[in-house]
Amino acid sequence: MPLDPSVTVLVTRTVREGREADYEAWVEGVAAVARGFPGHRGLNLVRPRDASRTYTLVFRFDSAAQLDAWESSPERHAWVARAAELSEAARVQHLTGMEGWFAAPSAGLAPPPRWKMVAVSFGVAFPTMQVLQAVLGPRLTPLPGPARGAVLGLAMVLFMTYVGMPAVTRRLAGWLYPPPR
């Protein structure tokens, strides 16, 4: 049976002039509704850095099936209709796997090349595994090998997803996402 990987959805909207406060209130409302859906892992709002009025929402779900349940729900359809009234343009992008760690920090930026994704992922994964092995390894010695590997693997993925990769990709944003020429 194939694995159903986690999914990240980027929704980029250019908000109508003067409707920014309404849009931010809309974001709070849609976030509250999305939290009630199974598999919802969070929503982040990236505000415009300049006067562009372009906002990016980052939705995360445990699986494509759970995302599909959200996207086909009447609740979401009602919220999207409200957002359309506040927006001039919208773009939706679905990402799976490593691409979710490299969601562009603002609209209009292309994802980094895969070699940069590999370099950054390795740069975070290798030291993380070394530290986890040094800290958790001795405590896990009574467990059988596969159980030790499962605990270390889970700890590494959790750290990389929620702490390591977000911090490093923010710090390296200028290198990962150079401005268009």
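Every read-out reported here was derived from the displayed coordinates using simple, explicitly stated rules and does not represent laboratory data. The structure presented is a predicted model; accordingly, all values stated were derived computationally and were not measured. Cβ placement follows ideal geometry from the backbone for every residue including glycine, while neighbour counts extend to all protein chains displayed.
So for the pair residue 116, residue 91, with labels modelled 7 Å out along Cα→Cβ, what separation do we get in nm?
Label at residue 116, label at residue 91, 1.6 nm between them.
Place +1 on the Cβ of every Lys and Arg and -1 on the Cβ of every Asp and Glu in the chain, take the dipole about the Cα centre, and give the residue among 30, 153, 14 whose Cα lies farthest towards its positive end.
Of the listed residues, the answer is 153.
How about region 2-54: which trypsin sites (Lys or Arg not before Pro) there lie in a loop by DSSP and see at most 12 other Cβ atoms within 10 Å?
49
Excluding residue 122 itself, calculate the net charge of residues whose Cβ lies under 14 Å from the Cβ of residue 122, where each Lys or Arg counts +1 and each Asp or Glu counts -1.
Local charge sum for residue 122: +2.
Shape verdict for region 114-176, please, from the Cα gyration tensor: rounded (a/c under 1.5), prolate (a/b greater than b/c) or oblate.
In terms of gyration-tensor shape, prolate.
Between 140, 45, 67, where does the largest GNM mean-square fluctuation fall for the chain, given springs only between Cα atoms within less than 10 Å?
Taking springs between Cα atoms under 10 Å, the residue moving most is 140.
Semi-axes of the equivalent ellipsoid for the chain, please: Cα gyration tensor eigenvalues, times 5, square-rooted, ordered largest first, whole Å.
With the √(5λ) rule applied to the chain, the semi-axes are 34, 21, 13 Å.
List the GluC sites (Glu not before Pro) in region 6-76 that DSSP assigns to loop (not H, G, I, E or B) and whose Cβ has at most 13 other Cβ atoms within 10 Å. Which are they?
Qualifying residues, ordered by number: 17.
Counting helices only, and only those DSSP H runs with n ≥ 4, report the 222 nm mean residue ellipticity of the chain as the sum of -39,500 (n - 2.57) divided by its residues, in deg cm²/dmol to the nearest 500.
-15500 deg cm²/dmol
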